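A.B. asks: Submitted below is the structure of interest, expressed as structure tokens.
Laboratory data are not the source of any read-out in this text; all were calculated from the coordinates shown. All of these numbers come straight from a predicted model, not from anything done at the bench. Every residue, glycine as well, gets a Cβ built from its backbone with ideal geometry; the counts of neighbours run over all protein chains shown.
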Amino acid sequence: MLQVLESELARVAALSVAQPTPVPAVKNARGRLSCVRCGQTAFATLPSGARYCLSCVGMGRVTTGARLWRVPLAGVPQAGPLTWAGTLTPAQAQAAAAVQTSVAAGRDHLLWAVTGAGKTEMLFPVIADALAAGQRVAVVSPRIDVVRELAPRLSAAFAGTPMTVLYGGLPWPGENAALVVATSHQMLRFYRHFGLMIIDEVDAFPFSQTPALAYACRQATDGPTVYLSATPPTNLRRQAARGQLARSFLPRRFHQHSLPVPRILRVATAGLPGRVPQALWRCLAQARAADRRALVFVPDTRWVAPLAAAARAQGFAARGVHASDPAREATVQAFRDHTFAVLVTTSILERGVTIPRCAVIVLAAERAQFPASALVQMAGRAGRAAASPNDPVWYLAGHFTWAMAQALHEIRVMNRRGQP
Ligand SMILES: [Zn+2]
């Protein structure tokens, strides 16, 4: 079912096949309010005296006294077969089969796979199973860039299956689809709608810090959930260790090479973005000499433009992109298309972006904006292609941090576990 605000009812009328059912939008247990849509308990007061949920207000206001409408849709549209012609490596096939087994038994599953292991392809069998059983499948990620990267691959792999892509800014609800690819926020609009929920990059901000999104994903499904991550959050690791969650572990990239291990260069970072450490230009020159593109990650949105300009002044074909950049999608596409060689960006591109033959530089890697999981993910942008598995990764840092130590440790442990 869809789950919508009263003001949204007209929009979904065309998809509705029966009278929508209203439920109170806010629960009141002896004065303690909780939001029925997102499960959270932080409320603010309007001038009228009504209270509204702060956690999910970005998707329209849920107020006390209001109702949510649960809208039944027509049956699940007929799905087509898997149209993907590739083959899984033996390790991928084994992990994919483990996921299928868990889901068939109604169990949640954590697929813990290094960056570049080919996670998406490993999901195809379990998605095909669910679709063949007449279920709806949601593939969600907290990150919009990941959704944009996943959507074309899934639509190619399930070419005959009605699919909808949902994220902020796109019209919704779209079609009555068997396969939905969406940001996790969009799950606030569904109630027990999916038979299989797949959450990619489950550790990515804002999912890990936003319990409302975890709640929304649980509410949107009445079947098992598959969690995917290269750097799973502690709670999932614990649940897996205790056996509460099935797990498969894939420490090897699909091309069988190890993860590139970052090199740490001590540089002066205090004067950034104005005073740029010379080491950055040396790293970029080295990448260019080896005919590699380069991703330069910076901790602060305000650094992006001045650093891209400084790189151009040094003779590099550089551009910048950040989260609120209106040209974000176009710039990333131009980088994929080889229009320029150096992309300066923030951690928005730490995931879901695959650029073959690409060096990675993390500038001011000691900053708090770069936790260990982000450092692992950014390093994971390098060496993705079988033809260039040893792309260099540099952390340029003013000093060594615990997060850097953890990131190096995780990468080395994965490389050891992945030894044939
Ligand atoms: Zn809410």
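A.B. asks: Where the eigenvalues come from the Cα gyration tensor of the chain, what are the semi-axes √(5λ) of the equivalent ellipsoid, largest first, in whole Å?
C.D. replies: Largest first, the chain gives 38, 26, 20 Å.
A.B. asks: Name the residues whose placed amide hydrogens come within less than 5 Å of the amide hydrogen of A365, ignoring near sequence neighbours (fewer than 5 apart) on the same chain.
C.D. replies: Residues meeting the criterion, in which the H sits 1.01 Å from N, are L396, A397, G398.
A.B. asks: Assigning unit charges at the beta carbon (Lys, Arg +1; Asp, Glu -1) and nothing else, what dipole magnitude in debye, to the nearest 20, does the chain show about its Cα centre?
C.D. replies: Its charge dipole is roughly 820 debye.
A.B. asks: Averaging sequence separations of C-alpha pairs under 8 Å and six or more residues apart, then dividing by the length of the range 102-256, give the relative contact order as a whole percent. Let's see the in-between values first.
C.D. replies: Values: 283 pairs, mean separation 58.5, N = 155.
It rounds to 38 percent for the range 102-256.
A.B. asks: Below 13 angstrom from the Cβ of F194, what's the summed charge of the other residues (Lys, Arg +1; Asp, Glu -1)? Display every interim value, and only then the final one.
C.D. replies: Working: positive: R136, R189, R192, R218; negative: D222.
Summing Lys/Arg as +1 and Asp/Glu as -1 gives +3.
A.B. asks: Can you give me the relative contact order of the range 2-71 as a percent, contacts being Cα pairs under 8 Å and 6 or more apart?
C.D. replies: Normalised by residue count, the contact order of the range 2-71 is 45 percent.
A.B. asks: Given the chain, what percent of its DSSP beta bridges are antiparallel, to the nearest 5? Kindly include the intermediate steps, with their values, before the conclusion.
C.D. replies: Details: 18 of 65 bridges.
Antiparallel bridges: around 30 percent, rounded to the nearest 5.
A.B. asks: Calculate one ³J(HN,Hα) per residue across the range 26-31 by plugging θ = phi - 60° into the Karplus curve 6.51 cos²θ - 1.76 cosθ + 1.60, and present them in order as whole Hz with x for glycine and proline.
C.D. replies: Once θ is set to phi - 60°, the couplings for the range 26-31 become 10, 8, 10, 9, 6, x Hz.
A.B. asks: Another question, then. Below 8 Å, C-alpha to C-alpha, sequence gap of six or more: please give me the relative contact order for the chain in percent.
C.D. replies: Reported as a whole number, the value is 15 percent.
A.B. asks: Next question, about the same structure. How large is ³J(HN,Hα) for each residue in the range 282-293, as worked out from phi by the Karplus curve 6.51 cos²θ - 1.76 cosθ + 1.60 (θ = phi - 60°), to whole Hz, x for Gly and Pro?
C.D. replies: Values, residue by residue: 4, 4, 5, 5, 5, 4, 5, 4, 9, 6, 10, 7 Hz.
A.B. asks: Shifting gears a bit: Out of the trypsin sites (Lys or Arg not before Pro) in the range 6-52, which ones are loop residues according to DSSP with at most 11 other C-beta atoms within 10 Å?
C.D. replies: R30
A.B. asks: Taking the Cα centre of the chain as the origin and placing charges on Cβ (Lys, Arg +1; Asp, Glu -1), which of A386, Y215, G160 is farthest toward the positive end of the dipole?
C.D. replies: Value computed over the given set: Y215.
A.B. asks: Between rounded, prolate and oblate, where does the range 265-328 land on the alpha carbon gyration tensor, with a ≥ b ≥ c its root eigenvalues, rounded for a/c under 1.5, else prolate if a/b exceeds b/c?
C.D. replies: Oblate, since a/c reaches 1.5 and b/c is not below a/b.
A.B. asks: Sticking with this structure for a sec: For D108, D300, which order do you get if you count the other beta carbons within 10 Å of each Cβ and list the fewest first? All intermediate terms of the calculation are to be shown ahead of the outcome.
C.D. replies: Details: D108 19, D300 15.
Ordered by Cβ neighbours within 10 Å, fewest first: D300, D108.
A.B. asks: Nearest 500 deg cm²/dmol is fine: what mean residue ellipticity at 222 nm does the chain get from its DSSP H runs of n ≥ 4 alone, each adding -39,500 (n - 2.57), divided by its residue count?
C.D. replies: One gets -9000 deg cm²/dmol as the mean residue ellipticity at 222 nm.
A.B. asks: Another one. Report the percentage of all Cα-Cα pairs in the range 27-134 whose separation exceeds 18 Å, rounded to a whole percent.
C.D. replies: 66 percent
A.B. asks: Sorted by packing (mean other beta-carbon atoms within 10 Å per residue), highest first, where do 302-308, 326-332, 262-268 land?
C.D. replies: Details: 302-308: 19.0, 326-332: 14.6, 262-268: 16.6.
Listed from highest to lowest mean packing, they are 302-308, 262-268, 326-332.
A.B. asks: Then there is this: How far is helix 211-220 tilted off the main Cα axis of the chain, in degrees rounded to 10, range 0 to 90?
C.D. replies: The two axes meet at around 50 degrees.
A.B. asks: Could you rank the peptides 354-361, 164-171, 365-372 by their average count of other C-beta atoms within 10 Å per residue, with the highest value first?
C.D. replies: Listed from highest to lowest mean packing, they are 354-361, 365-372, 164-171.
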